Amino acid sequence: MTITMKDIARRAGVSRQAVSAALGSSKTSIRVSDETKWRVEQVASELGYRPNSAARTMVTGKFGCVAMLLTPTADLSTISWPFLWGIHDALEARNLHLLQAMLPKHDPKRIDSMPKFLREWMIDGVLVNYMAAIPPALEAALDNPSQPAVWMNVNREFDAVRPNDYEASRELTQRLIGHGHTRITFAMHGTTHYSKHDRIAGYTDAMRAAGLQPSVAEKLVGTRGWVEVGREWFSSIERPTGVIAYDQFTASPLLFAAKMEGLDVPGDLTLATFRGESREDDAAGVIISSMLVPWYQMGSASVGMLVDKIDHPEAQYPVRLIPFTFDPGETVGPPR
């Protein structure tokens, strides 16, 4: 048996319009007291009432749903639990839900290759989880006021939310300089993500501001591993006393290399990196000092911007840069 608002109104002793207002099911000028709202909600719960979202959409013109667009290529979309929790909590606070869609692997230039939500009206807005190599056809379809969209973790000037990689790298470099390090190398691996440029720029600017010479070492994909490269560095007379690694997948093998060369960390070598909030991936039980990527805040801020876009689809919102936080860990200290 389907429970209707009439059933709730009859049981609660109020009008159907009052039930609609109390449950927020329609746009109405009717206002109800907190006591009436509580009584209606209690009755609705007792009767097992479930709102008809299709009917509500017909009245409000809103689906109460946003989509998150992912790519079929794993390293082009961000999937982390803090990120997803940030999105979830922000949506739940606004009584919205999430639809997940993936761009098909076949020709993205054809309109029939686009996700269903871009071909039919079924959502209010899109969270674009697509970090690089974005197909022009997709970008054109989303740069449209009729389809509010916010881009996450990409280098765009408007309608985007991303971590402030430049400031994080500059601050991390300043921390090492503040400990007395003058020979600091930035260890980088091949990537097309914008954060590569921003992190190197932050490091370089901090070094030059201190009158020091920047040194960027980039290891290309398919070449020698970081353990081998690190051992070669750390056995040389002019080895760096400090290393900033692009990510934990670079930092961990460099830590192993330092240990294999008999170096004390942080006494002989200071090592720092950028990573998510989790400490589970740290090497050999050592907590590597890190700037923490603000994934939860990223997810929450992206939803907030998208809700604003849905309400004002013609507006362009300046990129929002989310600050990192520093985890001191165990691998940063003054040089010997």
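The values are calculated or read from the model by the stated rules, or taken from the named source; none is laboratory data. Predicted model only: the values in this text are computed from it and were never measured. All Cβ positions, glycine included, derive from the backbone under ideal geometry; neighbour counts span all protein chains shown. Remember, those area values only see protein heavy atoms, side chains included, never the ligands or the DNA or RNA. Shrake-Rupley method; radii C 1.70, N 1.55, O 1.52, S 1.80 Å.
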Residue satisfying all of: in segment 171-190; open to solvent by less than 40 Å² (accessible area, probe 1.4 Å) and either under 14 Å from ASP247 (Cα atoms) or not in a helix (DSSP H, G or I) (or both); modelled with the lowest pLDDT among these: GLY190
Filter result for ALA140 (among the small types (Gly, Ala, Ser) and within 18 Å of SER77 (Cα to Cα)): no
Number of positions in segment 298-336 that are outside any loop (DSSP other than H, G, I, E, B) and either aromatic (Phe, Trp, Tyr) or more than 17 Å from TYR166 (Cβ to Cβ) (or both): 15
Test for ALA149: is it surrounded by 14 or more Cβ atoms within 10 Å (Cβ to Cβ) and out of contact with any Asp or Glu (no Cβ under 9 Å at 6 or more places or on another chain): no
Cβ-Cβ under 9 Å pairs, at least 6 apart or on other chains, segment 317-331 side free of Cβ contacts under 8 Å to residues at least 60 places away in the same chain and within 22 Å of ILE244 (Cα to Cα), far side open to solvent by 30 Å² or more (accessible area, probe 1.4 Å) and in a strand (DSSP E or B): none
Which listed residue, of VAL243, VAL265, VAL303, is among the hydrophobic types (A, V, I, L, M, F, W, C), within 20 Å of the chain's Cα centre (by Cα), at negative phi and surrounded by 13 or more Cβ atoms within 10 Å (Cβ to Cβ): VAL303
Test: SER235 is polar (S, T, N, Q) and either open to solvent by 70 Å² or more (accessible area, probe 1.4 Å) or touching a Cys at 6+ places or on another chain (Cβ under 9 Å) (or both): yes
Residue within segment 282-301 that is of a type in the set (D, E, K, R) and at pLDDT 90 or above present: no
Residue in segment 317-333 that is of a type outside the set (A, V, I, L, M), within 30 Å of GLN147 (Cβ to Cβ) and open to solvent by less than 20 Å² (accessible area, probe 1.4 Å) present: no
Tally of residues being under 20 Å from the mean Cα position of the chain (by Cα) and of a type outside the set (S, T, N, Q) across segment 182-201: 6
Breaking point among (1) at pLDDT 85 or above; (2) closer than 18 Å to ILE200 by Cα, for LEU220: (1)
Residue match in segment 154-170 (condition: without any contact (Cβ under 8 Å) to a residue 24 or more places away in the chain, part of a strand (DSSP E or B) and not basic (Lys, Arg)): no
Residue match in segment 134-151 (condition: at pLDDT 85 or above, aromatic (Phe, Trp, Tyr) and farther than 30 Å from ALA209 by Cβ): yes
Meets criteria (modelled with pLDDT of 80 or more and not in a helix (DSSP H, G or I)) for LEU98: yes
Some residue of segment 198-214 being in contact (Cβ under 8 Å) with a residue 60 or more places away in the chain, exposed (fewer than 14 other Cβ atoms within 10 Å of the Cβ) and assigned to a helix (DSSP H, G or I): no
